[in-house]
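Step one of this worksheet: look at the structure below.
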Amino acid sequence: MVKYIAVAGKGGVGKTTFITLMLRQMIREKRKASILAVDADPNANLNEALGITVTFTISGLIEDNKNIKTLEDKTLKAPFLTELEQCVIKTPDFDFFAMGDPQGPGCYCYPNNILRMFMEALGNNYDFVLVDSEAGMEHISRLTIPRIDIMFVVSDSSARGIRTARRIHDLIRELHADIGEVYLVVTHTIENSLTSLADEIAQTGLQLIGDIPRDKLISQYDIMGKPLFDLPDEAISLKAVDKILQQANILKDL
Ligand SMILES: Nc1ncnc2c1ncn2[C@@H]1O[C@H](COP(=O)(O)OP(=O)(O)OP(=O)(O)O)[C@@H](O)[C@H]1O
Ligand SMILES: [Mg+2]
């Protein structure tokens, strides 16, 4: 059965980077696993980290079809969902699509309903769906993801980042969201980060599944505008992500 993996956390803490490195290591370790990567951030940039050019987004196509009452008309619904499939970019190792930015004023129920149906229809074709999203918990409250099996709450090595992680954990509990496991990942760590943050981390009530050290190679790739997906095997960040995948038992059933 497909496993949905998602991230949440304060802005700029390293969510997109984590999803990118996780996808890279999953492909490296389990060549046969079929993986769909989804950029659910309206300010889409996962494609850049992955080295992919996006032509169509789901929201763009929905916008073009706004006057059609697609969802109420069964004869239109199926062809429309098929049309949306042109947004799915296929690479030899994984598939990808970007949700894009719902446009215009007013209620987003219509685009959100379509997004949810599309995710449900498409998701079952894969072993894993990795969802990158904007800061905060929008994607959970909007319910555009059918369910989440593993949620990584990502924080940088700051007390403020960890406190945001704590608020997100509180919100997950309040919303009674359909989430299997919830873990904390601390990024940008340096030597004593985890010891110094231990009290704050304990207060989140989250299980710390691992940390990703500050990696000079990531900074170099950023400066050169190179896709992080192409980081070399020896990158310390990749080794750390490998460990997290093992700790979270993500690849065990494949
Ligand atoms: N372990 C790390 N070492 C060094 N730099 C990192 C590390 N993790 C992330 N970065 C850098 O930090 C910046 C922010 O990372 P990223 O875009 O992944 O954050 P984000 O949480 O997805 O941000 P947003 O909330 O805007 O979507 C990027 O320039 C990224 O390359
Ligand atoms: Mg991001």
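The values are calculated or read from the model by the stated rules, or taken from the named source; none is laboratory data. Everything numeric in this text was worked out from a predicted model, so none of it was measured. Here the Cβ is made from the backbone with ideal geometry for all residues, glycine too, and neighbour counts use every protein chain on show. Just the protein is used for accessible areas: all its heavy atoms, side chains included, with ligands, DNA and RNA removed. Shrake-Rupley method; radii C 1.70, N 1.55, O 1.52, S 1.80 Å.
Can you pull out every residue in the range 20-32 that is more than 12 Å from ligand 1 (Cβ to nearest atom) and open to solvent by less than 10 Å² (accessible area, probe 1.4 Å)?
L23, M26
For the range 33-53, what are the residues that are over 25 Å from S157 (Cα atoms) and within 16 Å of ligand 1 (Cβ to nearest atom)?
The answer is A37, V38, P42, N47, G51, I52.
Would you pick out the residues in the range 169-200 that are of a type in the set (S, T, N, Q) and not in a helix (DSSP H, G or I)? Reasoning before the result, please.
Going residue by residue through the range 169-200, those that are of a type in the set (S, T, N, Q) are 187, 189, 192-193, 195-196.
Selection gives T187, T189, N192.
Does at least one position in the range 183-191 carry a residue that is free of Cβ contacts under 8 Å to residues at least 24 places away in the same chain and surrounded by fewer than 16 Cβ atoms within 10 Å (Cβ to Cβ)?
Looking only at the range 183-191, we keep the residues that are free of Cβ contacts under 8 Å to residues at least 24 places away in the same chain, and these are 191.
Restricting the remaining residues to those that are surrounded by fewer than 16 Cβ atoms within 10 Å (Cβ to Cβ) gives 191.
Yes, there is a match, as at least one residue in the range 183-191 is free of Cβ contacts under 8 Å to residues at least 24 places away in the same chain and surrounded by fewer than 16 Cβ atoms within 10 Å (Cβ to Cβ).
For residues that are open to solvent by less than 10 Å² (accessible area, probe 1.4 Å) and within 13 Å of ligand 1 (Cβ to nearest atom), tally how many sit in the range 4-19.
Summing the residues that are open to solvent by less than 10 Å² (accessible area, probe 1.4 Å) and within 13 Å of ligand 1 (Cβ to nearest atom) in the range 4-19 gives 7.
Being of a type outside the set (D, E, K, R) and at pLDDT 90 or above is the filter; apply it to the range 125-145 and report the residue that is farthest from ligand 1 (Cβ to nearest atom).
Per the stated criteria, the residue is N125.
What pairs come up if the first residue lies in the range 112-125 and is closer than 15 Å to T82 by Cβ and without any contact (Cβ under 8 Å) to a residue 60 or more places away in the chain, the second is β-branched (V, I, T) and part of a helix (DSSP H, G or I), and their beta carbons are under 8 Å apart, counting only those six or more places apart or on different chains?
I114/I58; I114/I62
Would it be correct to say that D215 is acidic (D, E) and surrounded by fewer than 19 Cβ atoms within 10 Å (Cβ to Cβ)?
no
Is it true that Q203 is away from ligand 1 (no atom under 12 Å from the Cβ), of a type in the set (S, T, N, Q) and within 20 Å of the chain's Cα centre (by Cα)?
Here the answer is no, as Q203 does not meet what is asked.
Evaluate the range 53-65: report whether one residue or more is more than 12 Å from ligand 2 (Cβ to nearest atom), at pLDDT 95 or above and open to solvent by less than 40 Å² (accessible area, probe 1.4 Å).
no
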